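To start, the structure under review is shown below, and the notes come after it.
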């Protein structure tokens, strides 16, 4: 579950340097350094801690482990109510031109709670122009799309005020070595964790257009289990005549068929593809299949955000479900995925529901997908997370212990 260099796990890869955060502390001592981790690490039966010295000199290590009994924890883990702690390490040297550096890519159910990185790039520090992008649950549109690397880690202006360490974010180390600018950064998503039901892709650009040649390494901190909490139970393409018949599609007002060649924004912005959709101005209804044991349904729609703001009232079997609003406009990367949660009281126990969409103005739709939210059933081990160096395949680690 944890496989990471000690210095990067403790957010001190440029140094050692002082770190005084809520979850990690690093302080120099007369004999070396004192490293403290306060990440909770639940386990069901047993935990094993190993420290491997990959250097040529012996190292003297003293350690203390604090633990406490938690009655019922093993049952909570078995029911996927509590996830195992993971620290996933990656490195790319050099980074790949035109592609994001991937911090974490993993399937399953969990929460992203932190990241520690060592960033090495041009001494101009313009590599810090790179934005972070986070996609979850198979969506092609980022749920988080940042504005710059130093912004992501709570700084600004290329960290021009020098190193700092705060409870939940920091850039505690900086040096210039071997013709490269080297910066250490961390961020703990304690108050704003990123949940995922069946997977996450967390990446960051190196330079404004992935055009800086860098040496990046990272440790992603997350809790998770090898389970999915959502299942695709139906798909509907409104522009397809046969699909409209199968799903009982009916509409009032105008419905224009259009073919668009474009891309998604974010990590997929260089991958143009063609798709056909409907641009409608009136009410429409269609039927979708569900898992009757659902705990609610995520209704995902592919839309053309080049058409501008799109707002509609949604009903399930005639009952109000809320307002679906997409207010962005992007004429360069026109495709976007948008998720709308249908609450359990409208869907639970039903194998089919009629969806009604009543827009105000234009409404675009290329694909609807129904994801039934289901009770997770964890397996014996977690799917592989991207890890290792230079795009290595990674490892599947036992999910009991550390």
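Each value in this text was obtained by applying a stated rule to the coordinates, not by laboratory testing. Nothing here was measured: the structure is a model prediction, and the numbers come from that model. Every residue, glycine as well, gets a Cβ built from its backbone with ideal geometry; the counts of neighbours run over all protein chains shown.
Numbers below:
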{"item": "For region 73-190: rounded, prolate or oblate by the Cα gyration tensor [a/c cutoff 1.5]", "result": "prolate"}
{"item": "Relative contact order (percent, whole number), the chain, Cα cutoff 8 Å, 6+ residue spacing", "result": "21 percent"}
{"item": "Cα gyration tensor, region 164-225 - rounded (a/c under 1.5), prolate or oblate", "result": "oblate"}
{"item": "Which of 261, 219, 82, 316 has the fewest Cβ neighbours within 10 Å, and the rest in rising order", "result": "261, 82, 316, 219"}
{"item": "Footprinting exposure proxy for 84, 89 (fewest neighbouring C-beta atoms within 10 Å first)", "result": "89, 84"}
{"item": "Exposure proxy ranking, count of Cβ atoms within 10 Å, fewest first, for 135, 315", "result": "315, 135"}
{"item": "Span from the region 278-313 Cα centroid across to the region 1-73 one, whole angstrom", "result": "47 Å"}
{"item": "Region 230-373: C-alpha gyration tensor shape, a/c 1.5 cut-off, then a/b vs b/c", "result": "prolate"}
{"item": "Net length gained if the chain between residue 57 and residue 235 were fully extended (0.36 nm per residue, minus Cα distance)", "result": "58.1 nm"}
